[in-house]
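Before we start, here is the structure in question, set down as structure tokens.
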Amino acid sequence: MSVEEGVFYAIAALTVMGGMGVVFARNVVYSALFLILALLAVAGIFLLLSAEFLALVQVLVYGGAVTILVIFALMLTRVQDTPTALDSPQKPFAFLAAAGVLAISILAAVGTTWPGQTEKINAIPLRDFGDALFRTWALPFEVASLVLVVALVGAIVLAREEDGE
Amino acid sequence: MIPMQHFLVLSGILFSLGVYGVLARRSAVLILMAVELMLQAVSINFIAFAVYLAPDAFVGLIFAVFVITVAAAEVGLLLAIVLRIFRNRATANVDEVDTMRW
């Protein structure tokens with residue numbers, strides 16, 4: 001086993017551990033902390049895929065902003081006096097559905113004959129990436145920023161305290 | 001080198017954990033966390049396809065940027081909606097918000 005594979009398996013184990021922590025933890029705050037672990041481990045996976053820029057964006061956007069928002073949401077929606085069950089009664093069906101999705105995706109990943117080579121990572125230079133993002137994909141990029149503005153303005157309007165409430 | 005299938009299997013595991021979380025959890029915030037896991041799995045797939053199969057076009061890399069953008073917008077909106085529901089009904093559990101259920 002090469003060093004690269006060892007690193008991959010270590011980071012993949014961290015990712016899966018974080019993911020399992022998110023969905024199985026008995027405490028919502030532990031769930032949020034496991035989510036941070038999973039997101040940072042995914043940033044490591046991006047690095048292994050030689051997508052350094054996306055790894056940095058991942059740490060900034062997910063590791064920073066998204067987890068803080070999630071923890072805020074947890075804090076603001078806490079019901080202190082009546083602890084209720086975290087999992088709904090449809091848990092067995094959820095388990096079945098997840099197992100089905102897992103089986104199908106692994107079979108598809110292993111069984112498909114992919115067009116092109118699947119052995120070697122071709123690092124994409126950051127300069128080419130930026131070129132493509134701001135030339136070929138400039139319009140979708142601007143639309144995405146518009147989506148972000150509209151969504152966040154909508155969030156402010158929704159969450160604001162109104163008079164007479 | 002690591003074969004691409006390794007990344008695809010990892011992303012499959014992450015996605016099915018997300019599916020389980022979305023279906024089994026009751027709190028809207030915990031469901032959102034599981035959705036984040038699923039989005040991460042999708043991003044891993046996109047980037048893996050871009051760097052292994054189509055390094056000349058690398059559309060998958062571009063798409064991962066949009067996935068991250070839309071996920072950020074979604075988290076902000078969901079936080080606002082959950083706060084609003086919590087203020088009106090004093091709960092954030094999705095199975096207790098059933099006024100419109102037939």
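The values are calculated or read from the model by the stated rules, or taken from the named source; none is laboratory data. As the structure is a computational prediction, the values presented were derived from the model and not from experiment. Methodologically, a virtual Cβ is constructed for each residue, glycine included, from the backbone with ideal geometry; neighbour enumeration extends over all protein chains shown.
Taking the options B:A41, B:A48, B:A72, B:A28, name whichever one is touching a strand residue (DSSP E or B) at 6+ places or on another chain (Cβ under 9 Å), crowded, with 17+ Cβ neighbours inside 10 Å and among the hydrophobic types (A, V, I, L, M, F, W, C).
B:A28
Now a separate question. Would you confirm whether any residue within the stretch B:14-21 is more than 7 Å from every other protein chain (Cβ to nearest Cβ) and surrounded by fewer than 21 Cβ atoms within 10 Å (Cβ to Cβ)?
Within the stretch B:14-21, none of the residues are more than 7 Å from every other protein chain (Cβ to nearest Cβ) and surrounded by fewer than 21 Cβ atoms within 10 Å (Cβ to Cβ).
Does the stretch A:135-165 hold any residues that are assigned to a helix (DSSP H, G or I) and among the acidic types (D, E), and which are they?
A:E142 - this is the single residue of the stretch A:135-165 that is assigned to a helix (DSSP H, G or I) and among the acidic types (D, E).
Identify all residues within the stretch A:132-165 that are surrounded by 14 or more Cβ atoms within 10 Å (Cβ to Cβ) and β-branched (V, I, T); write none if there are none.
Hit for the stretch A:132-165 is A:V147, nothing else.
Answer yes or no as to whether A:P115 is outside the structural domain of A:G21 (by TED's automatic domain parsing), surrounded by fewer than 17 Cβ atoms within 10 Å (Cβ to Cβ) and more than 23 Å from B:I44 (Cα to Cα).
no
So, one more: With more than 26 Å from B:A64 (Cβ to Cβ), facing chain B (nearest Cβ under 7 Å) and surrounded by fewer than 21 Cβ atoms within 10 Å (Cβ to Cβ) as the only criterion, which of A:L76, A:L102 stands out?
Of A:L76, A:L102, the one residue that is more than 26 Å from B:A64 (Cβ to Cβ), facing chain B (nearest Cβ under 7 Å) and surrounded by fewer than 21 Cβ atoms within 10 Å (Cβ to Cβ) is A:L76.
Among residues belonging to the stretch A:135-165 that are among the small types (G, A, S) and within 26 Å of B:D56 (Cβ to Cβ), point out the one that is nearest to the chain's Cα centre (by Cα).
The qualifying residue nearest to the chain's Cα centre (by Cα) is A:A144.
Out of the residues in the stretch B:53-74 that are more than 15 Å from the chain's Cα centre (by Cα) and either of a type in the set (V, I, T) or closer than 12 Å to A:V147 by Cβ (or both), which is nearest to the other protein chains (Cβ to nearest Cβ)?
By that ranking, first place goes to B:I62.
In the stretch A:9-64, which residue that is of a type in the set (V, I, T) and more than 8 Å from chain B (Cβ to nearest Cβ) is nearest to A:G130 (Cα to Cα)?
Filtering first and then ranking leaves A:V59.
Every residue, every condition in (1) part of a helix (DSSP H, G or I); (2) at the interface with chain B (Cβ under 9 Å from one of its Cβ atoms); (3) over 21 Å from B:Y52 (Cβ atoms); (4) in contact (Cβ under 8 Å) with a residue 60 or more places away in the chain, yes or no:
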residue	(1), (2), (3), (4)
A:A109	yes, yes, no, no
A:E119	no, yes, no, no
A:A123	no, yes, no, yes
A:L133	yes, yes, no, no
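Find all pairs meeting these conditions: Cβ atoms under 8 angstrom apart; at least six residues apart or on different chains; first residue within the stretch A:147-158 and under 21 Å from B:V65 (Cα atoms) and facing chain B (nearest Cβ under 7 Å); second residue charged (D, E, K, R) and part of a helix (DSSP H, G or I).
Filtered contacts from the stretch A:147-158: A:A151/B:E74.
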